[in-house]
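Asker: Structure provided below as structure tokens; questions to follow.
Bear in mind these aren't lab numbers, they're just calculated from the coordinates by the rules spelled out. Quick caveat: nothing in here was measured; it's all calculated off a predicted structure. Neighbour counts are summed over all protein chains in view; Cβ atoms, including those assigned to glycine, are modelled from backbone coordinates with ideal geometry.
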Amino acid sequence: MNKIKHIFLLLLLGVALIYSCDDDNNAFVNPFADINHEALAISDNDSIIKFLKNNYYDMATDSVKTLVEGEIALFDEQEKLTIMDAKRNDLDYTLYIYHIKEGNPIHPDFGEAADDKGNPAVSDSIYAKYSGQSILSSSELSTVFDANTSGAWFSYERLAVRGWSFGFTNLKGGYLKKEDNGDTYNGPITYLEGGKGILFIPSGLSYTSLNPNNYGSSLVNQNLMFNVELLDFVQFTDHDNDGRPSSEEDANDDGDLENDFSDNSQPGVPDYLNPTI
Ligand SMILES: [Ca+2]
Ligand SMILES: [Ca+2]
Ligand SMILES: [Ca+2]
């Protein structure tokens, strides 16, 4: 009898364990599983267009404000607005770049034409200042969630917001400050006249829930706006030092370097991080 009781208790314990395991499993279910990312890309684009039509760039305060009489909506400043298509996770996205200042990489006194490296490629490492906000509605931005006002380096493979890679290709860098006699500036590294713009980035090119790393982010699936200034970049960035710039390691030529796997012996390593290919 005791033995039967014991078995019964064991069975009970087993049932309890199964239930608790099930609870644990439920806790790890992807909360974004039901999202149709193709539809989200379309509604994000609609939201961004509405925002661009309802706001303008205020030069005096270097900020975006709700449209008022006498000002021109961002969307209607066609000569300053670049509309750019970008592919990511095999989905089509559109981002918008409002140009404030192109950037001047040539020092006015000591520079030469060769100092102008043009625009960075999608995969080039960039040195930039930025401040980021979420686009909450056509008339509302969040407070600044992140900013860097002195400049920081960013490498393609570590960028959390993929829209940056595309957006920065529209800007030029600035030039290094020098002493009056042309010597290296005797102070902190200082760039002047960097290219300035505002990037409007759909959620699929920022903290998308297609990437499990973003599940816990407070910015998951939000459209973002970044005020940016490009100070410098590494032309022909070659992440794996194989002599081919990363921008040329895009085998299927779709602007996304993370979906090209030409080396069958290392199927998980994209070409731009694989020095043997
Ligand atoms: Ca390479
Ligand atoms: Ca590719
Ligand atoms: Ca390679």
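Asker: Counting other beta carbons within 10 Å of each Cβ, put T190, T143, T237 in order, fewest first.
Answerer: T143, T190, T237
Asker: Got a sec? How would I201, I72, I106 order by Cβ neighbour count within 10 Å, fewest to most?
Answerer: Fewest to most other Cβ atoms nearby, the residues stand as I72, I106, I201.
Asker: What is the distance in Å between the Cα centres of the stretch 115-139 and the stretch 202-241?
Answerer: 9 Å
Asker: Now a separate question. Helix-only mean residue ellipticity at 222 nm, the chain, DSSP H runs n ≥ 4 weighted -39,500 (n - 2.57), per residue, nearest 500. What is it? Write out the running numbers ahead of the final one.
Answerer: Details: 3 runs with 48 residues, N = 277.
Rounded to the nearest 500, it is -5500 deg cm²/dmol.
Asker: With a 10 Å cut-off between alpha carbons and a GNM built on the chain, which of R158, R88, R244 moves the most?
Answerer: Judging by the Gaussian network model, the answer is R158.
Asker: Also, I was wondering about something else. Among V29, V122, which comes first, then next, by fewest other beta-carbon atoms within 10 Å?
Answerer: Going from least to most buried by this count: V29, V122.
Asker: I would also like to ask the following. Say the dipole of the chain comes from +1 at the beta carbon of Lys and Arg and -1 at that of Asp and Glu; which of L199, T237, N274 then lies farthest toward its positive end?
Answerer: L199
Asker: Can you tell me, using C-alpha contacts under 8 Å and at least 6 residues apart, the relative contact order of the chain as a whole percent?
Answerer: Working: 507 pairs, mean separation 50.1, N = 277.
Reported relative contact order: 18 percent.
Asker: I'd like the Karplus ³J(HN,Hα) series for the stretch 259-275: coefficients 6.51, -1.76, 1.60, θ = phi - 60°, whole numbers in Hz, and an x wherever there's a Gly or Pro.
Answerer: In residue order, the calculated couplings are 10, 10, 10, 8, 9, 5, 7, 9, x, x, 9, x, 3, 6, 10, 10, x Hz.
Asker: Using mean Cβ contacts within 10 Å as the protection proxy, how do 165-176, 124-135 order, highest first?
Answerer: Values: 165-176: 23.7, 124-135: 21.0.
So the peptides 165-176, 124-135, ranked by packing, come out 165-176, 124-135.
Asker: Let me spell out the model: positive unit charges on the Cβ of Lys and Arg, negative unit charges on the Cβ of Asp and Glu, origin at the Cα centre of the chain. What dipole size does that give, in debye rounded to 20?
Answerer: On the way: 18 positive and 45 negative charges, 251 e Å.
My answer is approximately 1200 debye.
Asker: Given a cut-off of under 8 Å on Cα pairs at least six residues apart, what relative contact order in percent is computed for the stretch 145-277?
Answerer: 18 percent
Asker: Local charge sum around E38 (other residues, Cβ-Cβ under 14 Å, Lys/Arg +1, Asp/Glu -1)? Intermediate values should be presented prior to the final figure.
Answerer: Working: positive: K87, R88; negative: D34, D44, D46, D90, D92.
Charge balance in the 14 Å sphere: -3.
Asker: Rounded to the nearest 20 debye, what is the charge dipole size of the stretch 73-167 about its Cα centre when +1 sits on each Lys and Arg Cβ and -1 on each Asp and Glu Cβ? List each step's numbers first, then the result.
Answerer: Details: 8 positive and 15 negative charges, 71 e Å.
Roughly 340 debye for the stretch 73-167.
Asker: Something else now. For the ranges 228-234, 35-41, what's the packing order if you count other beta-carbon atoms within 10 Å of each residue, average per peptide, and put the highest first?
Answerer: Per-residue Cβ counts within 10 Å, averaged per peptide and sorted highest first, yield 228-234, 35-41.
Asker: Given the pairs K65/K117; K53/K87; K87/K172; K129/K178; K87/K177; K65/K172, which span a C-alpha to C-alpha distance of over 29 angstrom in this model?
Answerer: Beyond 29 Å: K65/K117; K87/K177.
Asker: What angle do you read, to the nearest 10 degrees and between 0 and 90, between the alpha-carbon axis of helix 2-27 and the longest principal axis of the chain?
Answerer: The helix 2-27 is inclined about 20 degrees to the chain.
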